[in-house]
């Protein structure tokens with residue numbers, strides 16, 4: 001049984017919008033969602049729930065109540081200070097949060113932002129995401145006050161992977177760590193940036209095969225030992241990079257093949273299992289074999305048809321971000337200030353259509 005508290009100011013508003021979202025999430029006997037108005041005192045927030053969902057805009061008073069005079073983000077900060085082991089989820093609409101999402105996420109008080117439209121579209125998926133977040137926090141709470149090695153064991157990293165994780169700027173100071181900070185680091189850094197773990201698209205592309213081929217049961221079975229099953233493993237599906245390469249390299253050695261994994265894995269797989277796989281096709285020239293993923297387009301690209309890109313502060317142990325020539329020429333979100341000096345002249349030529 002999962003029990004969540006949903007705090008919203010629109011309980012008694014015409015249309016009862018808050019009650020609609022509460023009812024969409026509620027699943028009797030499995031996922032209990034209780035709706036309450038914002039409290040007049042922060043200390044009045046009940047503590048028996050597994051997570052707290054909070055509406056961002058709490059400016060509309062419920063019938064017979066005075067307006068509380070604070071935003072959902074303020075309430076989140078107070079709950080975090082009082083109970084750091086409980087995940088806090090912001091429930092809002094895109095137009096309300098416009099321009100504030102990154103600031104709210106960086107505050108460290110919000111663990112997940114859910115849009116109300118997403119609850120409408122996919123209530124089951126939204127519930128699953130909330131449950132996965134709660135499960136991860138529970139797992140970390142079970143080892144709190146213990147040393148960093150316990151966190152690595154919870155992640156289920158081998159010795160090499162543990163060394164990489166130590167280089168990925170873990171939030172540990174003088175041997176101490178906090179549940180919200182570690183949860184955020186695992187989900188947003190370790191699982192967020194490709195390098196230690198890969199998502200499906202990156203794993204497929206680094207093997208030189210299409211996403212559809214990577215998801216075939218035979219490929220999934222071959223890569224089974226590379227699947228991430230540590231804490232937050234049900235929050236986002238991920239694959240250990242080193243284990244994927246080790247499995248692929250072992251297959252190439254078995255078939256006595258030389259060459260890079262993206263160029264030869266597909267051929268070795270066909271010989272081994274007598275099943276065809278489609279290659280990863282480059283978004284720029286439309287030919288195989290792509291071996292990287294364009295940061296902007298989220299599509300396979302050949303390394304030679306892309307340039308290094310620096311859109312974030314990912315740890316150096318992670319894979320370098322790259323942006324395709326196509327994205328440079330066609331997408332307005334490309335920022336030329338995020339390329340290095342060596343690539344600048346090429347960028348200018350591409351933007352001139354040369």
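Nothing in this text is a laboratory measurement; each read-out follows from the coordinates by a stated rule. Computed from a predicted structure; not experimentally measured. Note that each Cβ is placed from the backbone with ideal geometry, even for glycine, and that neighbours are counted across all protein chains shown.
What the table shows:
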quantity: Estimated [θ] at 222 nm from DSSP helical runs (n ≥ 4, -39500 (n - 2.57)) normalised by residues in the chain, nearest 500; calculated: -11000 deg cm²/dmol
quantity: Reciprocal of mean inverse Cα separation for the range 159-284 (Kirkwood radius, Å); calculated: 15.7 Å
quantity: (i) 26.1; (ii) 22.8; (iii) 20.3, with the label sought being that of the calculated Kirkwood radius over Cα pairs in Å; calculated: (ii)
quantity: Percent of beta bridges antiparallel (DSSP, the chain, rounded to nearest 5); calculated: 40 percent
quantity: Descending principal axes extents, the range 143-190, alpha-carbon based, whole Å; calculated: 24, 21, 18
quantity: Over the range 200-347, equivalent-ellipsoid semi-axes from the Cα gyration tensor in Å; calculated: 28, 18, 13
quantity: Helix axis angle, 241-254 relative to the chain longest principal axis, alpha carbon, degrees; calculated: 30 degrees
quantity: Computed over the range 183-247, Cα set: Rg, Dmax in Å; calculated: 11.3, 33
quantity: Descending semi-axes in Å of the range 244-312, equivalent ellipsoid built from Cα gyration tensor; calculated: 26, 13, 10
quantity: Distance cut-off 21 Å, percentage of C-alpha pairs in the range 50-184 lying past it; calculated: 51 percent
quantity: Sequence of 295, 26 once ranked by neighbouring C-beta atoms within 10 Å, starting from the fewest; calculated: 26, 295
quantity: Length-normalised contact order for the range 143-190 - Cα pairs under 8 Å, 6+ apart - percent; calculated: 43 percent
quantity: Relative contact order of the chain, defined on C-alpha pairs under 8 angstrom at six or more residues apart (%); calculated: 11 percent
quantity: 10 Å-binned pair-distance histogram of the range 293-354 (Cα, whole percent); calculated: 23, 60, 16, 1
quantity: Ranked 116, 236, criterion: other C-beta atoms within 10 Å, fewest first; calculated: 236, 116
quantity: Residue order, fewest to most surrounding Cβ atoms within 10 angstrom, among 214, 49; calculated: 49, 214
